[in-house]
Amino acid sequence: MTPFGQRLRQLREERGVSQKEMAAAIRVSAAYLSALEHGRRGQPTWDLLQRMIGYLNIIWDEAEELQNLAMISHPRVTIDTAGLSPEATELANLLANHIHILDKETITNLSTMLRQAYKKHRSLR
């Protein structure tokens, strides 16, 4: 499951709506909506995301959160390390090959470190 799929399911369930009902309302198949929620499909299109937001009747912060989650929730990630250091390539490969053995705490710690590095990088520009 992706962060987007998890949040989408939570929002749908909070409103007491079935996948079938929501799928019909936003003009997709129930199978497609299920695949989005389970992380077997990539990002929804901008148009579909807007239909979801409208259907779920969410505004401002919640809508922005759902959009941001969609952007970071592709279930099959490709990392291009061409031109980066050997250490960066090694890190990318280690993560790709061994992410399945990491516990939740380790993943949280790595995510926090990467977010901090990104914020630092942005502030130096």
Quiz item: Once the whole set of protein chains is in place, how much accessible area is left on Ile99, using a 1.4 Å probe, in Å² to the nearest 10?
Solution: 90 Å²
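Which whole-number percentage describes the relative contact order of region 1-61, with Cα contacts under 8 Å and a sequence gap of 6 or more?
It rounds to 37 percent for region 1-61.
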Quiz item: Mind checking which of Gly42, Gly83, Gly54 has the largest fluctuation in a GNM of the chain, springs on alpha carbons under 10 Å?
Solution: Gly83
Self-check item: In sequence order, calculated HN-Hα J values of region 5-14 (Karplus, 6.51, -1.76, 1.60; Hz; x Gly/Pro)
Solution: x, 4, 5, 4, 4, 4, 4, 5, 5, 4
Quiz item: Counting pairs of alpha carbon atoms under 8 Å apart in space and at least six apart in sequence, what relative contact order in percent does the chain give?
Solution: 25 percent
Self-check item: Accessible area (Å², 1.4 Å probe, nearest 10) - Glu13
Solution: 110 Å²
Exercise. Could you work out which residue, out of Asn68, Asn109, Asn93, moves most in a Gaussian network model of the chain, that is, has the largest mean-square fluctuation with Cα springs under 10 Å?
Key: Asn109
Quiz item: Just the accessible area for Glu21, please: 1.4 Å probe, Å², rounded to the nearest 10?
Solution: 100 Å²
Quiz item: Roughly speaking, to the nearest percent, how much of region 8-100's 1.4 Å accessible area is carbon and sulfur?
Solution: 55 percent
Practice problem: Just reorder Met71, Met22 by solvent-accessible area, largest first, 1.4 Å probe, all chains present. | Solution: Met71, Met22
Practice problem: Quick one: angle between helix 86-98 and the longest Cα principal axis of the chain, in degrees between 0 and 90, rounded to 10, please. | Solution: 40 degrees
Quiz item: Using alpha carbon centroids, what distance separates region 1-40 and region 108-125, in Å?
Solution: 31 Å
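Accessible area per residue of region 2-125 at 1.4 Å probe, in Å²?
Normalised by residue count, the accessible surface of region 2-125 is 73 Å².
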Quiz item: Any idea what log10 I(q)/I(0) is at q = 0.15 Å⁻¹ for the chain, Debye with uniform C-alpha scatterers and no solvent?
Solution: -0.83
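The values are calculated or read from the model by the stated rules, or taken from the named source; none is laboratory data. As the structure is a prediction and not an experimental result, all values here were calculated from the model. Remember, those area values only see protein heavy atoms, side chains included, never the ligands or the DNA or RNA. Shrake-Rupley method; radii C 1.70, N 1.55, O 1.52, S 1.80 Å.
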